[in-house]
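Data first, discussion second: the structure below is written as structure tokens.
We did not get these values from a lab; they are worked out from the coordinates using the rules stated. Source: prediction; values computed, not measured. Cβ: placed from backbone, ideal geometry, glycine included. Neighbour counts: every protein chain shown.
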């Protein structure tokens, strides 16, 4: 899930990723020959661009081994040993000029260990355009490894030209700096001001890249598609299977038209038709996805019981934020990546919590709409949306931080701009949407297509012309996958492409968003069965069973504990473990999705605000009244924008504090109420058991 340039929906990253991915997978460049921007702390990254190589280290179309990026040095991938190899393949910057400037494409390859491995590998391509394919190696590989029979052929990931680990990397530092500048003040800025600042940043990025010798017109889908067979030949392969997600499906269709003889089969996941401009259709797609979410909630007994008025809740939260915007924090994965680079080169290890990479962002009603639409990209976030909206409706805004966790995401802005302006701007027409048929909360997004055209006027690339938008018609076996909650590439897009293919099998997953593979075991099995026999439709009955189901917070069972060194006895969730060092603290197990902790504190000789400060919280607390329990009066406190609740009671001149931190409001409340109800002061101080 990415929100692209905040407030500019046409630039929303058409890719498959998620918040956790952004934090755990970003990392170093290759150890050799890999110029990348590096930042220290929260300094903006320097431009990460290498000029096209006028004298390649190796001839065109030859593989050059290199150490894998540190992002691939994970425990799961380390188990592959020498089955995983990385490197570069040099390709012409323009394929029509093979003796001209060259660029280098990063490649990762996992060789199958099956005794009867198939000779035709699976090539996988990320979306965007401008997203990094190599960043998805671990989740894609884990999905393959977890699906019996899917790993019986080699896997190849090619970092598309202009993206993060290829050379050059067309990242626009100028746009990133504008994003960081305006994020804390978005509600106060007019749309015109935001557009002016953003367009000026595009102009500055354009000037810098041109000054460094980058041929912006060479970064289009045709050149991109022509790279793939050249790379595969360099790796020693003839025919191959191709998987593309989001923009990767556009790339796949160009590949089907330009190099059909190299393709055994094609898988298109989150399909974009070549003859439909997704930008001008985006408002309809967003509207459709939100209406589908509300309708599926109405049809779900669990969702209807827990969230009976989901659409009204959404509308109320948008209206509340429009009246009174909220300031929260968004994760800056761009700075995180560059800090990882610096840490990797110096041998340091970044702090696990990444606190220094959270940036202040201000969110109004339009901002929330953008965040919810972005959450619909990620199938792992969709089940959490109803609870997040319920919490915000109740005045608990801590969920906004979770929604905004991908606010600043790495993207090759220059590559994205070159691809879209060459392919989409040529047949973009003024929007004619009847706004009366669109949800009122979405109507402010109707200006996005015009903003796209304005940006393309600043980006000097020739359009590819009508041929680029001609739909593909072929007998290459093709599997198409769609999520019914996808906010940018809805199932009708897949139907449109499938209708022109002689051997096409299209499956829709009711409860999924943008990208089905690696989001559903059913989708993974369909991919496996299709690759085994592309000439036969796989059994897709499981697809209809992938339904939307809200993730309702669990109310944990509690058990009695004693806080060592105090007289306190109370209750904590069953299964939570006492911290071995901070023995007044209990944590949830790592396997539990709703991370949480509870701590108890005995403050001697202090009461009131002075005692509360002993908790060391970095967020302000707001008094929420009091309650009686066990003959004691408890003062209750909460932090509206952080998942923390505190209870305090006095005993003479002493204060006893209970602090609960848990992502879900209902869990926090239940745990705190249980701890209050079970609170006692025993006659004797508790001591740890003897070893």
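May I ask you to derive the relative contact order of the chain, considering only C-alpha pairs under 8 Å and at least 6 residues apart, and to give it as an integer percent?
On the way: 1473 pairs, mean separation 100.4, N = 691.
The normalised contact order for the chain reaches 15 percent.
Sorted by mean Cβ packing within 10 Å, highest first, what order do the peptides 306-313, 220-227 take?
Values: 306-313: 17.6, 220-227: 23.1.
Packing proxy ranking, top to bottom: 220-227, 306-313.
Looking only at the range 83-181, where both bridge partners belong to it, what percent of the DSSP beta bridges are antiparallel (to the nearest 5)?
Numbers: 14 of 19 bridges.
Percentage antiparallel, nearest 5: 75.
Can you give the FRET efficiency to the nearest 0.05 for residue 595 and residue 544, using r as the Cβ-Cβ distance and R₀ = 35 Å? The partial results should precede the final answer.
Values: r = 33 Å, r/R0 = 0.94.
According to the calculation, E is roughly 0.60.
Over the alpha-carbon set of the chain, divide Rg by the Kirkwood Rh and report the Rg/Rh ratio to two decimals. Spell out each step's value before the answer.
Numbers: Rg = 26.6 Å, Rh = 26.7 Å.
Value, to two decimals: 1.00.
Would you please put 105-113, 294-302 in order of how densely packed they are, using the mean number of other Cβ atoms within 10 angstrom per residue and starting with the highest?
Numbers: 105-113: 20.6, 294-302: 15.6.
Averaged packing, sorted descending, gives the order 105-113, 294-302.
What's the whole-number percent of alpha carbon pairs in the range 631-671 lying beyond 14 angstrom?
The share of Cα pairs beyond 14 Å in the range 631-671 comes to 47 percent.
Can you compute the modelled spin-label distance between residue 142 and residue 499, with each label point 7 Å from Cα toward Cβ, in nm?
Placing both labels 7 Å along Cα→Cβ, they lie 3.9 nm apart.
Can you tell me the Rg and Dmax of the range 558-681, counting just the alpha carbons, in angstroms?
Cα-based Rg and Dmax for the range 558-681 come out at 13.4, 41 Å.
Given R₀ = 35 Å, what would the calculated FRET efficiency be for residue 619 paired with residue 298, taking r from the Cβ atoms and rounding to 0.05?
Working: r = 36 Å, r/R0 = 1.03.
Efficiency for this residue pair is about 0.45.
Could you sort 81-94, 532-545 so that the peptide with the highest average Cβ count within 10 Å comes first and the rest follow in order? Walk me through the numbers on the way to the answer.
Working: 81-94: 18.9, 532-545: 14.5.
Descending mean neighbour count gives 81-94, 532-545.
Can you tell me the 0 to 90 degree angle between the C-alpha axis of helix 521-532 and the longest principal axis of the chain, rounded to 10?
Once rounded, one gets 20 degrees.
For the chain, find the longest principal axis of its Cα atoms and tell me its angle to the long axis of helix 365-375, 0 to 90°, nearest 10.
Compared with the principal axis, the helix lies near 70 degrees.
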